[in-house]
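What follows is a short report on a single structure.
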Amino acid sequence: MSVPTRPKPNITESIRPFWDGVAEKKFLLMRCQTCSAWYWPAAYCRFHENKPFYGNMRWEEASGRGMVFAFNIHRRPMHPAFEVPYVYALIELDEGPMFGTNIVDCAPDDVRIGMPVEITFREFEETGVLPQFRPFACEAV
Ligand SMILES: [Zn+2]
């Protein structure tokens, strides 16, 4: 029996700079150079005209912090390579956008709405580096 391998992220051209950043353990979001609004995924700024084409948008390093906005605990894997249980969460980033990810370094039953979290970069043999989130370590244990 072969061991299932993790699926690779679906990297499209519009978000390739994000994944290039992740490979260097940087968390990049798109930011409007006109009004400083942050975006994920890649988008045009919704607050004004965007000229030239994407010309006012840049990838910039974000804090990698946020809080759990919503989550669910998967007790059956969405993919045979995923070990259950695991948490899929929507993080409300400090910069504003929502980011879908896994919560790690925390028992699934201990995840809470509003819990402060921070990014952690995990390397997997099949996929390379992936961005995941863990409880924000505000105190030494
Ligand atoms: Zn803007």
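The residues of segment 45-74 that are part of a strand (DSSP E or B), more than 14 Å from the chain's Cα centre (by Cα) and more than 12 Å from the ligand (Cβ to nearest atom), listed by number, are TRP59, GLU60, ASN72, ILE73, HIS74. Only one of the numbered conditions (1) assigned by TED's automatic domain parsing to the domain that holds PRO135; (2) crowded, with 16+ Cβ neighbours inside 10 Å; (3) within 16 Å of the ligand (Cβ to nearest atom); (4) not aromatic (Phe, Trp, Tyr) is not met by ALA89, and that is (3).
Out of all the residues in segment 5-26, is one or more modelled with pLDDT under 95 and in contact with an Asp or Glu (Cβ under 6 Å, 6 or more places away or on another chain)? The answer is yes; a qualifying residue exists. The residue pairs whose first member lies in segment 70-85 and is farther than 10 Å from PRO108 by Cα, whose second member is among the hydrophobic types (A, V, I, L, M, F, W, C) and modelled with pLDDT under 90, and whose beta carbons are closer than 9 Å, counting only pairs six or more residues apart or on different chains, are ALA81/VAL3. Just one of the listed residues (VAL22, VAL3) is under 16 Å from GLU123 (Cβ atoms) and either among the aliphatic types (A, V, I, L, M) or touching a Cys at 6+ places or on another chain (Cβ under 7 Å) (or both), namely VAL22.
Taking the criterion of being charged (D, E, K, R) and either within 14 Å of the ligand (Cβ to nearest atom) or more than 20 Å from MET98 (Cα to Cα) (or both), the residues of segment 1-19 that qualify are ARG6, LYS8, GLU13.
In segment 33-42, the qualifying residues are those that are under 22 Å from ILE119 (Cα atoms) and in contact (Cβ under 8 Å) with a residue 12 or more places away in the chain, and the one that is nearest to the ligand (Cβ to nearest atom) is ALA37.
Annotation: GLY128 fulfils all but one of (1) among the small types (Gly, Ala, Ser); (2) at positive phi; (3) free of Cβ contacts under 8 Å to residues at least 40 places away in the same chain; the unmet one is (3).
Here HIS48 meets each of (1) out of contact with any strand residue (DSSP E or B) (no Cβ under 7 Å at 6 or more places or on another chain); (2) in the same structural domain as PHE121 (by TED's automatic domain parsing) with one exception, condition (2).
The values are calculated or read from the model by the stated rules, or taken from the named source; none is laboratory data. Just so it is clear, the model here is predicted, and its values are computed rather than measured. Quick reminder, even Gly has a Cβ in these numbers, built from the backbone with ideal geometry, and neighbours come from all protein chains shown.
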